[in-house]
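The values are calculated or read from the model by the stated rules, or taken from the named source; none is laboratory data. These figures come from a predicted structure and were not determined experimentally. Every residue, glycine as well, gets a Cβ built from its backbone with ideal geometry; the counts of neighbours run over all protein chains shown. Surface accessibility is based on the protein's heavy atoms, side chains included, excluding ligands, DNA and RNA. Shrake-Rupley method; radii C 1.70, N 1.55, O 1.52, S 1.80 Å.
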Amino acid sequence: MKPWQFRGLLTLIWLLSTLIDRMWWANHGGLPAWDQADYLNSALDHGRALAILPGGSWQGWGSLLDLSPKIPPLASLVNGTVMAFSGDEPQQAAWSLSLWNGLLLFVVASWAQQLRQPLKGARAFALSCSVFVAMVPLLLELRTDYVLELPLTATVALALWRLGCWWHPMDGGRWRQALGAALSIAAALLVKQSALLVLIPVLLLVVASVCLDRGSRVVVRRWQLLMGLGLVCAAVFPWLRHNWITTLGGTNRAVIESAALEGDPGVLSLEGWLWYVRLLPDQIGWGLLVLGVSGLILWFWQRRTSSGDERFAWRWLILSLLVGWIFTHLSPNKDDRYISPLLPMLLILLTRGVWQWGLWSKQRWPARSSWLPGLALLLGASNMVWTGWSLQSLRLSQGHQGPLDAIVRRAGGVDPKSQPLTLIVVPSTPDLNQHNVSYYGRREGGRLVGRQLGSSKSDVKPVLEQAQWVLLAEGGQGSVRGSAEQLDRAVRMSGVFVRVETFPRPQGGTYSLWRRDANSVEPVLFQERFPALAAGLSQGPAGLDAVFSSIAVEHMLDGHFLYREPLQKQALSRLATNPSDEEARWILALLAVLANRPSEAAEQFAALEALLPDNPWPSAYRSVVTLAGWNPWGASSVAAAARQQHGDQPVLVGLDAISAVLGGALWRLPEAVQALPPAVRAVETSLNSQ
């Protein structure tokens, strides 16, 4: 097969798979649920931040990094760019999935061709692998589901392939290969941090191998390794430095807390280790599994040797699959699609098993060698088609339908000329929740966002006092707590809100849209109460607790954070008149903390240190935000200077020691361990005193 024929057939495979996907999307017509709408919102946010989608403008790198507090931004940047060309309806935005699928097919074909490169039929084998990747049920589902697993799968496969090429003992070790591997690894990590589950074990193996190697070119490889690691760190560092606190918190909730809430099997249990194994028949198909596994047994049994290239390449693929499988199972949170980054390697391996049956039949029945391998491939493919068709048909029949678009348009969404609006959403169902309300409300440059309240009884009072628009449900409320029913009743019976319109639900029941009565008491704006809350920070943890207890609800009631700009202008104006205005300094400091601007917050806390020399808390806050800005040495210096002025205040002692340890002063680790409990007790005492 000539190269141009190979490229043409690979392109045809991608075009046919894209055609199938577009047919599915054309018949889908459903609404994005929670995760899907969340990722669509992220793509929309990043497209607006790049000023390529209506309703947005370039506000600088800091504002761009603000948009990815928990998950890296690369996939959203690509998806938002595609959205600018394709449109912002969900089925239009899904064109980005076709591009990610194209990357995956290219990587699999290139990797598979390398595995069989010295032998005849390498390109045919590569095309067979690509066909299976295009047909496998799980990847077919991911191409029609707006989540991040497809871009994650494509970039992880790319990273492993390029890393293996660089690590090759004979053909590797080139600077261009090291650069390609580093960029690929960085891309995978910037799509989703769960790429670490597959990449970390092989990276540790490669680093150990290069460090222990005594070959003639080891010096060059070590320099290449340092360059590659530096490039990966340089690519990931800006996002991680900006969002490391929210990333750690989000990862903890998504991995640890979610696993506990959903009752996922334990890491050490047999059920946990069999979790993904039991899913493989539905995700891949029995036909390919049986033919592939039996063919692999035949391959190993016959012990057929081949060139060094193939032996090393296969060992790398099998090793990557094995350690990735182990680390993926070690993750506490289990989900059907979390195994997807391993599927390309598994499919290449199973295709090699099917291929072995063809080689065996050619030796045993030479006269039939022209059609027996094709028959084996056809059997595996037929089973995959049947499984995929059944699952996709079921998904089409279960599409979420509802009056979402009509609701957000009636509330003022999908209109770039309207004022910024926040719609409080009490129910949470697949067809209507805060995420898809925000997405549909901001399409076409709209300015309406949805926010969920009702998870606590304490939400009732602020909603009645401040909310402008509320959405309620008659019938099923979805995945909400019992306290949401109290908020529902309070809105209906308070007399503060009037019903605007009722929207029937296809599954039974209705949604009702409520607006604040023009004759009701004017709400007390948060920006009027904010200065007192900010000044309360001078009381230490008690004031801090009051701030964040209020902020949690206020950011739901004001999804656009409209209070920030007038407060900042007012505080700056006051400082221009009186630089010693303490309240203005507290306002600017708290605004900087809430906006994740640690350097700006540190500047204001430093000014407050000078204005309040007898108060230790400005120094403590300055040390914390300096540490949050990845400057542990500065944080330790601030805390140490404050200790000299305020004595051995427990919180300052703890901040000094912990910051020093994080800055590399490991000899202070015993001091940090000893200082931590008194600091915690001091904070608890301050809170209990209130």
Filter result (assigned to a loop (DSSP other than H, G, I, E, B), charged (D, E, K, R) and surrounded by 14 or more Cβ atoms within 10 Å (Cβ to Cβ)) within segment 486-521: ARG505
Hits in segment 524-537 (condition: crowded, with 16+ Cβ neighbours inside 10 Å and touching a residue at least 24 places away in the same chain (Cβ under 8 Å)): PHE526, GLN527, PHE530, PRO531, LEU533, ALA534, ALA535, LEU537
Any hit, segment 188-201, residues being crowded, with 22+ Cβ neighbours inside 10 Å, over 28 Å from the mean Cα position of the chain (by Cα) and closer than 19 Å to LEU346 by Cβ: no
Conditions (1) more than 19 Å from the chain's Cα centre (by Cα); (2) closer than 29 Å to ALA134 by Cα; (3) of a type in the set (A, V, I, L, M, F, W, C): number failed by LEU53: (2)
Members of segment 558-591 found to be crowded, with 16+ Cβ neighbours inside 10 Å, aliphatic (A, V, I, L, M) and free of Cβ contacts under 8 Å to residues at least 24 places away in the same chain, listed by number: ALA571, LEU575, ALA584, LEU588
Qualifying residues in segment 248-265 (those that are outside any helix (DSSP H, G or I) and either in contact with a Phe, Trp or Tyr (Cβ under 6 Å, 6 or more places away or on another chain) or touching a residue at least 24 places away in the same chain (Cβ under 8 Å) (or both)) - the one surrounded by the most Cβ atoms within 10 Å (Cβ to Cβ): ASP264
Count of residues meeting criterion [surrounded by 12 or more Cβ atoms within 10 Å (Cβ to Cβ) and either out of contact with any helix residue (DSSP H, G or I) (no Cβ under 7 Å at 6 or more places or on another chain) or under 13 Å from PRO632 (Cβ atoms) (or both)] in segment 650-680: 15
Segment 269-285 residues that are more than 21 Å from SER382 (Cα to Cα), paired with ones that are open to solvent by 80 Å² or more (accessible area, probe 1.4 Å) and among the polar types (S, T, N, Q) (beta carbon under 9 Å, 6 or more apart): none
Unmet requirement for ALA641, which otherwise passes all of (1) surrounded by fewer than 23 Cβ atoms within 10 Å (Cβ to Cβ); (2) in contact with an Asp or Glu (Cβ under 6 Å, 6 or more places away or on another chain); (3) of a type outside the set (S, T, N, Q); (4) free of Cβ contacts under 8 Å to residues at least 24 places away in the same chain: (2)
Failed item in (1) crowded, with 20+ Cβ neighbours inside 10 Å; (2) part of a helix (DSSP H, G or I); (3) not polar (S, T, N, Q), with ASP88 passing the rest: (2)
Subset of segment 213-271 (residues that are of a type in the set (Lys, Arg), farther than 30 Å from ASN333 by Cα and out of contact with any Gly (no Cβ under 7 Å at 6 or more places or on another chain)): ARG214, ARG222
Residue in segment 592-629 that is nearest to ALA640 (Cα to Cα), counting only those that are open to solvent by 50 Å² or more (accessible area, probe 1.4 Å) and not aliphatic (A, V, I, L, M): ARG622
Single match in LEU50, LEU103, LEU77 (criterion: without any contact (Cβ under 8 Å) to a residue 60 or more places away in the chain, in contact with a Gly (Cβ under 7 Å, 6 or more places away or on another chain) and either surrounded by fewer than 22 Cβ atoms within 10 Å (Cβ to Cβ) or at positive phi (or both)): LEU50
Which listed residue, of SER455, SER483, is under 28 Å from GLU528 (Cβ atoms), open to solvent by 40 Å² or more (accessible area, probe 1.4 Å) and modelled with pLDDT under 90: SER455
Every residue from segment 171-183 that is within 26 Å of THR251 (Cβ to Cβ) and open to solvent by 10 Å² or more (accessible area, probe 1.4 Å): LEU183
Where a residue in segment 229-247 is under 15 Å from SER599 (Cα atoms) and its partner, wherever it lies, is among the charged types (D, E, K, R) and open to solvent by 40 Å² or more (accessible area, probe 1.4 Å), with Cβ under 8 Å and at least six apart: HIS242/ASP66; ASN243/LYS70
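This table checks each residue for (1) assigned to a loop (DSSP other than H, G, I, E, B); (2) aromatic (Phe, Trp, Tyr); (3) open to solvent by less than 20 Å² (accessible area, probe 1.4 Å); (4) out of contact with any helix residue (DSSP H, G or I) (no Cβ under 8 Å at 6 or more places or on another chain).
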position	(1), (2), (3), (4)
GLY388	no, no, yes, no
ARG395	no, no, no, no
ILE407	no, no, yes, no
VAL414	yes, no, yes, no
LYS417	yes, no, no, yes
LEU423	no, no, yes, no
HIS435	no, no, no, no
ARG442	no, no, no, no
ARG451	no, no, no, no
Residue within segment 1-15 that is closer than 26 Å to GLN398 by Cβ and open to solvent by 60 Å² or more (accessible area, probe 1.4 Å) present: no
Subset tally (residues that are touching a residue at least 12 places away in the same chain (Cβ under 8 Å), under 28 Å from VAL651 (Cα atoms) and either not in a helix (DSSP H, G or I) or not aliphatic (A, V, I, L, M) (or both)) for segment 544-557: 2
